[in-house]
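Report on the structure given below.
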Amino acid sequence: MRGRNLRGELDTFLAGREQELINFRRDLHMHPELAFAEYRTTQRVAERLTAAGLVPSVLPRGTGLLCDVGSGDGPTVALRADIDALPVPDEKDVPYSSTVPGVCHACGHDVHTAILLGTSLFLAQQAEAGLLPGRVRLIFQPAEELPGGALEVMASGGISGVDRIFGLHCDPRLDVGKVGLKPGPITSACDRVTIRVSGPGGHTARPHLTADLVFALAKILTELPAALSRRIDPRSSLSLVWGRVEAGSVANAIPDDGVAEGTVRCLDEAAWHAAPDMIKSLLESVAGAYGVEAEMDYVRGVPPVVNDKISVQMLAEAAEGVLGEGAPVPTEQSLGGEDFGWYLESIPGAFARLGTREPGSAHLADIHQGTFDVDESAIGAGVRFLAATALTALWEGQRPVAGEALMAVNADN
Ligand SMILES: [Zn+2]
Ligand SMILES: [Zn+2]
């Protein structure tokens, strides 16, 4: 890799630090903190960074922090780890089980935090040795699960001046040492929609003298998803699916109000932005046809994470260089949400899945379950992968991009 033995340097670094990083993860695992309450976690990370000669800056709310490594000229690459836990009870019988009732690191964010800490310490050494061709912005982000922590980071200038950003997430279906990569969308958007309809109720014998609210609501429930599928690009895989509907109390009375709730999931960013207005106008036209009033309450979740192709190539190159030829494997798009998507609306970057399954293990506990745990050698693998990614992106970022050179030539003509 650029004539340097990065793999060997990482071996040496991890030989001295891997157990310490595992212990750090276990300490976080025993003391999980919920979204925007990650004070202790933030403090622990800040202490380690400061001891390494870095200068972390805690975010205004007091949880999460930013820290720059290196100050030289060249590009700036950001690495992000989320640090919050979930309101899920720990069901594991391990020495490092959660000590907080009802709260546990069931999404592996303790692992992400330990990986980014290890990467930070390695990159600090590189910077000291004058080997960092640019700057790395470390983002220890609070409240991914809320979601909203990414917006907090951005409001604090966390990605200003950043050319490219990378993040990763534990994947319990992938063996340790592998990384799952995918250009384009890798997670999806998920919003919540509530529709309330109202009209004059009455006797079921005389629907023409009332607004037949249950019939109108039924039309809305079926027409809305159907019309939407004809108005939005089908490649966006936008789906409106109802999860709750309620109206009326007795067989022979037309009620005067009703409610339906559902989710809107979407793989495409443009469609995600267009969805609320389109659903509202379709709702108004269907409700109007049956003479009922309709109101919509639309709660935004997160945008889809849409990976930049060049950034994914950098991830693949880094993984091959330090984890081996067969390390990068294709992964699928999930219908889950991840607030990393907010960053990628502003700057290019990519999000990877990091294998955390013990090879050959039959134990498969998914994330968000109280039994979720990882093969802790994933921490060392994660440090190798993330450090190599940052260095690859800095090296590549120094070269003129082929497309830009071409545009400059065309501009002259
Ligand atoms: Zn999660
Ligand atoms: Zn997560």
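None of the figures in this text is laboratory data; all of them are computed from the coordinates on show. All of these numbers come straight from a predicted model, not from anything done at the bench. Positions of Cβ are backbone-derived with ideal geometry, glycine not excepted, and every protein chain shown enters the neighbour counts.
Residue exposure proxy: 93, 175, 373, 366, ordered by other Cβ atoms within 10 angstrom of their Cβ from fewest to most, comes out as 93, 366, 175, 373. Placing +1 on each Lys and Arg Cβ and -1 on each Asp and Glu Cβ, with no other charges, gives the chain a dipole about its Cα centre of roughly 400 debye. Over segment 1-132, what is the relative contact order in whole percent, taking alpha-carbon pairs under 8 Å and six or more residues apart? The normalised contact order for segment 1-132 reaches 30 percent.
Normalised by residue count, segment 222-327 yields a Cα convex hull volume of 148 Å³ per residue. Taking 16 Å as the cut-off, the amide N atoms of segment 274-318 that come nearer than this to a point 7 Å along the Cα-to-beta-carbon line of residue 222 belong to 286-287, 290.
Across segment 135-213, the mean sequence separation of Cα contacts (distance under 8 Å, 6 or more residues apart), normalised by length, yields a relative contact order of 13 percent.
Result for the chain in a Gaussian network model with C-alpha springs under 10 Å: among 112, 273, 31, the largest mean-square fluctuation is at 273. If you run the Gaussian network model on the chain, springs between alpha carbon atoms under 10 Å, then out of 173, 26, 206 the most flexible one is 206. Within the listed set 282, 344, 151, the residue fluctuating most in the Gaussian network model of the chain (springs between alpha-carbon atoms under 10 angstrom) is 282. One decimal place: the segment residue 204-residue 55 gains 46.5 nm when fully extended, by the rule 0.36 nm per residue minus the C-alpha distance.
Taking a quarter of the surface of the Cα convex hull of segment 276-333 gives a mean projected area of 6.3 nm².
Cross-link partners for residue 182 among the lysines, with Cα-Cα distance under 22 Å and sequence neighbours closer than 8 places in the same chain left out: 309. As a ratio to 2.2 N^0.38 Å, the alpha-carbon radius of gyration for the chain is 1.15.
Remark on residue 90: its backbone amide H falls under 5 Å from those of 102, 103, a criterion applied only to residues 5 or more positions apart or on other chains, H modelled at 1.01 Å from N.
Taking a ≥ b ≥ c as the square roots of the eigenvalues of the Cα gyration tensor, segment 28-138 is prolate, since a/c reaches 1.5 or more and a/b is larger than b/c.
If a spin label sat at a point 7 angstrom from the Cα of residue 27 along the line to its beta carbon, the backbone N atoms of segment 54-70 nearer than 17 Å would be those of 54, 56, 64-65. By the Cα gyration tensor, segment 295-378 has an equivalent ellipsoid whose semi-axes, rounded to whole angstrom, run 27, 22, 9 from largest to smallest.
In percent, rounded to a whole number, the relative contact order of the chain is 23, using alpha-carbon pairs under 8 Å and six or more apart.
With r defined as the distance between the Cβ atoms of residue 361 and residue 12 and R0 fixed at 35 Å, what FRET efficiency is calculated, to the nearest 0.05? Once rounded, the FRET efficiency stands at 0.75.
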